[in-house]
Amino acid sequence: MIKKIESKNFDIKDSHILEVARKNGRYSSLKKLFSMSSEDVLEAVDKSGLRGKGGGGAQTGGKWKLIPNPSQKPTYLIVNADESEPGTFKDRQILEFDPHLLIEGIICSSYAIKSHHAYIYIRGEYVFWAKRLQAAIDEAYNAKILGENVLGYDYKLDITLHRGAGAYICGEKSALVESLEGKRGHPRLKPQQKEPEWFFGCPSVVNNVETIASVPFIVEDGFEAYRAFGTQKSPGTMLFGMSGHVQKPGIYEMQFGESMSEFINRIGGGVKDGKKLKAIIPGGSSTHVLRADEIEDITLDYESLRAHGSSLGTGGMILMDESVFMPDVVKNLFEFYHHESCGQCTPCREGVGWSDKLMGKILDGHGTKKDLQTLIDLSFILNGKTICVFAPSVAYIIDSYIGKFKDEFYSLVK
Amino acid sequence: MSWQFSEKNEKKFQELLKRYPKKDSLTLPCLWMIQYQDGWICEDAMKYLAKKLDMSPMDIYSIASFYSMFHLKPVGKYNIQVCKTLSCQLRGSQSIKKHIENRLGIKAGETTEDMKFTITEVECLGSCGTAPCVCINDDYIQNSTPEMIDEIIGKLK
Ligand SMILES: Cc1cc2nc3c(=O)[nH]c(=O)nc-3n(C[C@H](O)[C@H](O)[C@H](O)COP(=O)(O)O)c2cc1C
Ligand code: SF4
Ligand code: FES
């Protein structure tokens with residue numbers, strides 16, 4: 001079941017050190033890369049069907065094609081290492097065990113979009129991982145893998161690591177760019193038609209760490225090789241995670257399309273302490289919760305989860321056993337969203353705080369049926385009326401938890 | 001205005017200037033440098049930074065106050081951050097928090113009188129697979145237990 005493309009070197013001792021990394025295949029795609037034109041590389045990535053692994057699952061090739069070619073202005077690759085979605089801890093495995101894979105991916109990707117400077121935006125708390133990545137970047141500069149002439153080829157590339165400072169919303173791509181421009185991390189209004197991101201007015205792409213780390217394989221082995229894994233619409237592999245009440249929490253690379261319950265039981269060892277599974281959040285806290293009885297036919301790909309009324313998200317699953325009381329879970333999540341709202345949109349700023357307060361009141365035993373109804377009504381105000389999809393995520397929490405575990409919520413109110 | 005970058009930070013600042021299309025990008029890196037230099041970010045330092053980046057002190061304040069990791073008031077020498085988000089809660093973060101509170105005699109959000117320890121509740125640290133997670137200053141303590149915390153706190157001077 002486990003398929004290792006991105007995580008191939010994770011178990012090798014000292015694989016984060018350049019010498020070891022090189023011995024195990026790192027930077028071996030670059031020879032082929034520079035024998036191809038930028039356009040051919042972009043085409044290969046497009047044909048591979050590679051989808052963004054930061055949560056949205058957007059087509060990577062399609063996104064890169066939004067960059068004007070030729071571009072009058074400099075272009076930039078911005079790597080999203082903000083990793084703050086509750087339940088998600090996969091990018092850091094790459095940063096910890098194979099940072100040179102990310103650098104190699106950045107070289108391939110930057111070359112494809114004709115960029116000569118890439119920025120990696122890493123969450124502020126990841127100090128250990130930032131140091132590790134910076135050490136790898138320094139090694140790469142010293143070995144002339146980065147800088148004026150990448151490995152002696154006629155291509156210049158710089159990589160700059162930029163540290164965030166504790167704001168979940170900076171993971172949203174436009175907020176991330178705002179933050180990289182030195183401002184508050186406020187998501188930008190989205191244009192009507194598809195456009196690249198604009199970093200100081202220059203066309204740029206924002207991609208997740210894992211997305212970029214998938215590119216060297218596609219360059220070296222070809223898009224067909226990548227498509228040999230996964231499903232037609234969700235090709236390749238992904239680093240899936242399990243946390244919460246699971247026997248063996250962790251990150252496991254799987255090809256798309258495998259059975260979710262087998263993944264949990266065979267790879268994750270099932271629910272912790274032999275208890276019964278009650279519910280699962282499939283891909284980070286912003287995805288709709290699933291009841292244990294709903295997961296039987298789910299496979300791990302974008303389409304299957306969508307068909308079951310949820311989404312694949314970041315692939316970071318949170319398992320909850322029978323002892324968990326859902327209103328407590330909702331309160332916990334509301335506190336998170338309340339704390340992290342950037343505050344630009346009134347429905348979000350006020351609505352999330354209000355939801356949190358109401359839930360607190362209900363849990364304290366002072367709530368009425370009317371309060372619960374107000375909470376359900378708030379979902380309407382939060383959905384589809386704000387600058388970014390942060391507020392709709394909160395609406396999904398209200399809808400899916402109260403919808404699926406109604407009795408638990410109504411048991412609390414008079 | 002007497003606040004200024006240490007020599008080392010000034011050098012770093014000059015190097016960073018070359019790495020961005022505009023110096024506006026330097027707000028976060030500079031706020032970090034200030035915080036590592038002093039342990040927190042005081043008003044004088046924000047005024048100093050505003051001048052350096054051609055911004056108003058109000059701009060700098062508004063940015064610094066947006067990010068939860070920047071301390072605009074002094075904090076304890078050791079900031080003990082306990083993750084309170086779902087995966088950690090499911091694995092016992094509440095009892096870890098209570099244990100630390102009892103041991104230090106303060107509540108989350110407070111600092112000991114000798115300014116040695118602060119307890120902060122934080123949101124998901126990206127360590128859900130090794131929950132419960134506690135972070136002391138820059139260091140993660142994963143799969144944390146009361147015994148581990150006791151041992152580490154006991155060694156902190
Ligand atoms: C509220 C919010 C938080 C997000 N946080 C992250 C994050 O921490 N890391 C990430 O890679 N993408 C995050 N995203 C998705 C990004 O906006 C963006 O789609 C992604 O980085 C694009 O990369 P990809 O296409 O390679 O997935 C977030 C989106 C939203 C709306
Ligand atoms: S929806 Fe919330 S987080 Fe998103 S821009 Fe509006 S206020 Fe900010
Ligand atoms: S929930 Fe605590 S680290 Fe993610």
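Of note:
- Alpha-carbon geometry of chain B: the Rg and the Dmax are 17.9, 50 Å, given in that order.
- Sorted by Cβ neighbour density within 10 Å, fewest at the top, the residues B:VAL75, A:VAL219: B:VAL75, A:VAL219
- Local net charge near A:ALA307, Cβ-Cβ under 15 Å (Lys/Arg +1, Asp/Glu -1): -3
- Residues in the stretch A:315-331 reached by a label modelled at B:GLU121 [backbone nitrogen below 18 Å; 7 Å Cα→Cβ]: A:325-331
- Once the C-beta distance of A:GLU303 and B:GLN94 is scaled by a Förster radius of 35 Å, the resulting FRET efficiency is 0.40 to the nearest 0.05.
- Which of A:GLY313, A:GLY284, A:PHE263, positive extreme of dipole for the stretch A:259-324 (C-beta unit charges): A:GLY284
- Cβ-placed point charges (K, R +1; D, E -1), dipole of the protein assembly as shown about Cα centre in debye, nearest 20: 480 debye
- Rounded to the nearest 20 debye, the dipole size of the stretch B:1-46 about its Cα centre is 360 debye, using +1 on the Cβ of Lys and Arg and -1 on the Cβ of Asp and Glu.
- Hydrodynamic radius by Kirkwood, which averages 1/r over all alpha carbon pairs of chain A, in angstrom: 22.1 Å
- Length added when fully stretched, A:ILE2-A:LYS31, from 0.36 nm per residue minus Cα-Cα: 7.6 nm
- Computed magnitude of the charge dipole of the stretch A:50-153 (debye, nearest 20; Cβ of K, R +1, Cβ of D, E -1): 420 debye
- When the pairs A:LYS248/A:LYS278; A:LYS173/A:LYS194; A:LYS248/A:LYS404; A:LYS131/B:LYS155; A:LYS13/B:LYS155 are compared against a 22 Å limit on Cα-Cα distance, A:LYS248/A:LYS404; A:LYS131/B:LYS155; A:LYS13/B:LYS155 fall above it.
- Annotation: peptides A:8-14, A:210-216, A:141-147, ranked by per-residue average of other Cβ atoms within 10 Å with the highest first, follow the order A:210-216, A:141-147, A:8-14.
- Take each residue in B:16-28, count the other chain C-beta atoms within 10 Å of its C-beta, and the mean is 5.
- Note on B:ASP54 and A:ASP138: the model spin-label points, each 7 Å out from Cα along the C-beta direction, lie 3.2 nm apart.
- Among the listed pairs A:LYS190/A:LYS357; A:LYS190/A:LYS385; B:LYS22/B:LYS52, those beyond 24 Å (Cα-Cα): A:LYS190/A:LYS357
- Angle in degrees between helix A:99-112 and the longest Cα principal axis of chain A, rounded to the nearest 10: 70 degrees
- Between the listed residues B:HIS99, B:MET115, B:LEU156, the Cα displaced farthest toward the positive end of the dipole of the stretch B:78-156, a dipole computed from Cβ unit charges relative to the Cα centre, is found at B:HIS99.
- Per residue of B:63-75, other chain Cβ atoms within 10 Å of the residue Cβ number 4 on average.
- Comparing the stretch B:7-66 with the 2.2 N^0.38 Å rule of thumb, its C-alpha radius of gyration ratio is 1.03 (two decimals).
- Using the Cβ-Cβ distance between A:LYS275 and A:THR368 with R0 set to 35 Å, the FRET efficiency works out to roughly 0.60.
- For B:CYS135, A:CYS170, the sequence from fewest to most other C-beta atoms within 10 Å is B:CYS135, A:CYS170.
- Peptide B:79-88 has a mean shielding of 6, counted as Cβ atoms of other protein chains within 10 Å of each residue's Cβ.
- Candidate aspartates and glutamates - alpha carbon under 14 Å from B:LYS18, same-chain residues fewer than 8 apart omitted: A:ASP158, B:GLU10
- Of A:VAL246, B:LEU53, A:TYR153, farthest towards positive along the dipole that unit charges on Lys, Arg, Asp, Glu beta carbons give the protein assembly as shown: B:LEU53
- Only helices enter the 222 nm calculation for the protein assembly as shown: every DSSP H run of n ≥ 4 contributes -39,500 (n - 2.57), and dividing by all residues gives -11500 deg cm²/dmol, rounded to 500.
- Each of B:LYS22 and B:SER65 was given a label point 7 Å from its Cα along the Cα-to-Cβ line. The distance between the two points is 2.3 nm.
- Computed label-point distance, nm, for sites A:ARG22 and A:LYS248 using a 7 Å Cα→Cβ extension: 3.5 nm
- Neighbour counting of Cβ atoms within 10 Å sorts the residues A:ARG26, A:ARG227, fewest neighbours leading, into A:ARG227, A:ARG26.
Rule-based calculations on the coordinates, nothing more; no lab input. This is a predicted model, so every value here is computed, not measured. Positions of Cβ are generated from backbone atoms using ideal geometry, with glycine treated the same way; all protein chains shown enter the neighbour counts.
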